[in-house]
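Novice: I'd like to ask you about the structure that follows.
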Amino acid sequence: PVLVESLLVFIIVLSVHAVVWDRFSWCAVALAVQAFYVQFKWDRLLQLGRAVFQFRGAANSGLLPASMVIPLLGVVMKERCRAAGIVYFERFGIVVASTGMLLALFLSVLAVGITKPVPTNTCILTGIAGSVIIYTMKHSLTVSEVIEVLEVLLIFVYLSMILLYLLPRCFTPGEALLVLGGVSFVLNQLIKRSLNVVKGRGDPIDFFLLVAVVGVVLLGLFFTVLFLFMDSGTWISSMFFHMMTAVLGLGVIMPWLYHLIQRNPLFWLLQFLFQTQTRIYLLVYWTLLAASACGVVFYQNAKRSSESKKHQASTITRKYFHFIVVATYVPGLIYDRQLLYVAAVLCLAVFIFLEYIRYFRIKPFGQTLRHLLSLFLDERDSGPLILTHIYLLLGMSLPVWLFPRSCAPKGTLPGAGALVPYSGVLAVGVGDTIASVFGSTMGEIKWPGTKKTFEGTMTAIFAQIIAVALILIFDSSVNLNSSYAWILASVSLVSLLEAYTTQIDNLLLPLYLQIMLMA
């Protein structure tokens with residue numbers, strides 16, 4: 001399975017390289033080759049328990065698929081913005097690609113350094129790939145851009161040491177690279193923009209995303225360190241938690257956001273949410289869907305208490321939430337993407353805050369959340385945190401958040417790029433859901449070395465093609481310009497990757513589909 005997963009990633013890398021064909025795509029190929037070899041060193045370290053930190057079990061390291069996501073995103077973003085003539089975001093894409101390559105190299109060097117005996121061939125490959133990448137960066141980046149890349153690396157190193165120690169068994173090395181690398185980049189962007197804020201410049205919704213992500217991460221770090229020295233389950237600790245949340249929110253996060261957008265954040269948010277009649281209809285519709293999701297949770301828990309304490313939600317029951325998310329995102333993508341952008345940020349902040357309440361057992365709802373959510377656990381929730389629902393939200397939202405709006409003057413990219421905001425809906429909402437439901441109920445022919453079935457994968461590909469046809473019918477802004485063969489190839493590759501990867505597919509698949517569609 002690891003070899004097939006690696007082969008699929010290589011095909012995606014080479015496909016992007018064939019389209020872009022510049023020095024950065026060559027660097028991506030070099031990075032993929034060395035990550036392939038280093039991945040086996042990480043897998044060996046995980047098997048022997050010598051990987052410094054405790055990583056998630058029942059999965060390989062995932063270094064190769066995770067290493068290529070950020071660099072390829074940067075490369076395709078650079079290419080799209082260069083074609084649109086937007087120099088600022090072309091340079092931004094170069095910084096993203098360089099940062100992703102340097103973070104991946106750091107993880108590779110770490111694995112090689114703690115492997116005993118020292119793997120000579122892998123060291124040589126890592127040295128060659130690192131030399132090519134650093135040489136390219138030296139001749140492509142300005143001094144300020146080099147400093148920015150190194151700042152992100154420094155934040156990533158410290159954040160990794162803190163979070164991987166405090167949260168054992170929550171990530172594989174690849175997932176840690178993706179999640180913590182993304183948070184490090186967001187934190188650096190927020191600091192940079194806070195220091196260089198210019199009145200009237202910048203989109204408030206972009207600042208809203210940056211502040212929300214950094215705010216909830218800093219809140220979690222603060223309480224994690226605090227509750228190392230006191231019992232979080234008492235009423236006094238719970239009152240302190242709520243009080244400090246209000247203090248940090250109103251005393252730090254709100255003023256920070258006010259400094260960036262130059263207006264009252266709460267008034268801006270209320271005005272934004274209720275600006276048009278369409279937004280009010282969407283908010284009411286989403287509220288009803290959220291209530292139905294809560295109803296499913298309560299119904300399944302009532303069913304568990306009446307049947308057996310060992311009752312666990314079935315695959316079909318868990319995928320019901322995928323259908324709800326698809327029903328949530330599709331109208332937002334068609335009618336108001338900016339509202340969907342902001343609503344997804346708010347939802348992410350709420351999800352993470354509720355996870356803090358569950359994890360720290362904050363009264364009065366902490367123990368109740370633990371009981372309610374334990375029904376929906378699977379083998380990927382082996383650590384102290386429950387992250388699968390947050391990964392589902394991220395997988396659906398990242399294509400919306402990462403869509404290069406400034407490089408799409410008419411609000412959409414030409415050709416297959418028009419489907420980029422729908423990457424999460426197609427890969428996770430439709431493909432992964434249909435593959436799981438049909439594979440678990442009717443699948444008989446298993447892919448070699450996996451539990452996934454041939455029938456599930458083929459049905460997922462077919463379902464995504466139907467979904468693309470429906471998008472063409474209902475979303476008039478989408479014009480594929482006869483790029484159907486590329487879309488079919490992209491959907492097929494990502495569906496096969498879903499069958500073979502042991503990483504969090506909710507996070508990985510939408511990003512790879514977005515890369516292919518943007519390329």
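Novice: Among the numbered conditions (1) hydrophobic (A, V, I, L, M, F, W, C); (2) open to solvent by 10 Å² or more (accessible area, probe 1.4 Å); (3) out of contact with any Leu (no Cβ under 6 Å at 6 or more places or on another chain); (4) at pLDDT 90 or above, tell me where L372 comes up short.
Specialist: Tallying (1) hydrophobic (A, V, I, L, M, F, W, C); (2) open to solvent by 10 Å² or more (accessible area, probe 1.4 Å); (3) out of contact with any Leu (no Cβ under 6 Å at 6 or more places or on another chain); (4) at pLDDT 90 or above, L372 fails exactly one: (4).
Novice: Keeping to the range 47-84, report how many residues are of a type outside the set (A, V, I, L, M, F, W, C), under 21 Å from P421 (Cα atoms) and open to solvent by 20 Å² or more (accessible area, probe 1.4 Å).
Specialist: The total comes to 3.
Novice: Right, next: Taking the range 362-380, which residues are of a type outside the set (A, V, I, L, M, F, W, C), out of contact with any Ser or Thr (no Cβ under 6 Å at 6 or more places or on another chain) and either closer than 26 Å to M239 by Cβ or free of Cβ contacts under 8 Å to residues at least 12 places away in the same chain (or both)?
Specialist: Hits for the range 362-380 are P364, G366, Q367, T368, R370, H371, S374.
Novice: Still on this structure, I have one more. On the basis of being out of contact with any helix residue (DSSP H, G or I) (no Cβ under 8 Å at 6 or more places or on another chain), assigned to a helix (DSSP H, G or I), modelled with pLDDT under 90 and surrounded by 14 or more Cβ atoms within 10 Å (Cβ to Cβ), does K303 make the cut?
Specialist: Taking the combined requirement at face value, the residue satisfies it.
Novice: Taking the range 464-476, which residues are open to solvent by 50 Å² or more (accessible area, probe 1.4 Å) and touching a residue at least 24 places away in the same chain (Cβ under 8 Å)?
Specialist: Of everything in the range 464-476, those that are open to solvent by 50 Å² or more (accessible area, probe 1.4 Å) and touching a residue at least 24 places away in the same chain (Cβ under 8 Å) turn out to be I465, F474.
Novice: Can you name every residue in the range 312-356 that is open to solvent by 20 Å² or more (accessible area, probe 1.4 Å), over 30 Å from S238 (Cα atoms), in a helix (DSSP H, G or I) and among the hydroxyl-bearing types (S, T, Y)?
Specialist: Matches in the range 312-356: T315, T317, Y320, T328, Y335.
Let's see how each residue does on (1) touching a helix residue (DSSP H, G or I) at 6+ places or on another chain (Cβ under 9 Å); (2) part of a helix (DSSP H, G or I); (3) within 25 Å of I253 (Cα to Cα):
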| position | (1), (2), (3) |
| --- | --- |
| I133 | yes, yes, no |
| M137 | yes, yes, no |
| L150 | yes, yes, no |
| Y165 | no, yes, no |
| R169 | no, no, no |
| S184 | yes, yes, yes |
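Novice: Continuing with this model, one more query. Which helices (runs of 4 or more DSSP H) sit wholly inside the range 211-284 and have at least 2 residues that are under 23 Å from Y341 (Cβ atoms), touching a Lys or Arg at 6+ places or on another chain (Cβ under 9 Å) and of a type in the set (A, V, I, L, M, F, W, C)?
Specialist: So the answer is 265-273.
Novice: Right, something else. Of the residues A97, A104, A111, A66, which single one is closer than 22 Å to E148 by Cβ and touching a Phe, Trp or Tyr at 6+ places or on another chain (Cβ under 6 Å)? Walk me through how you get there before you give the answer.
Specialist: Working: A104 fails: touching a Phe, Trp or Tyr at 6+ places or on another chain (Cβ under 6 Å); A111 fails: closer than 22 Å to E148 by Cβ; A66 fails: touching a Phe, Trp or Tyr at 6+ places or on another chain (Cβ under 6 Å).
Every option except A97 fails the conditions.
Novice: Are there any helices (runs of 4 or more DSSP H) wholly within the range 1-89 with 3 or more residues that are farther than 29 Å from T120 by Cβ and under 20 Å from the mean Cα position of the chain (by Cα), and if so which?
Specialist: Hits in the range 1-89: 63-84.
Novice: If you don't mind, there's one more thing I want to ask. Kindly list the number of the only condition in (1) assigned to a helix (DSSP H, G or I); (2) within 24 Å of S482 (Cα to Cα); (3) out of contact with any helix residue (DSSP H, G or I) (no Cβ under 9 Å at 6 or more places or on another chain) that fails for K410.
Specialist: That leaves (1) as the condition not met.
Novice: On to the next question. Name the one entry in S423, S495 that is in contact with a Ser or Thr (Cβ under 7 Å, 6 or more places away or on another chain), assigned to a helix (DSSP H, G or I), among the hydroxyl-bearing types (S, T, Y) and under 19 Å from K319 (Cβ atoms).
Specialist: Just one listed residue meets the conditions, S495.
The values are calculated or read from the model by the stated rules, or taken from the named source; none is laboratory data. Please read these numbers as outputs of a predicted model, since none were measured by experiment. So basically every Cβ, Gly included, is an ideal-geometry build from the backbone, and we count neighbours across all protein chains shown. Surface areas here come from the heavy atoms of the whole protein model, side chains and all, with no ligands, DNA or RNA. Shrake-Rupley method; radii C 1.70, N 1.55, O 1.52, S 1.80 Å.
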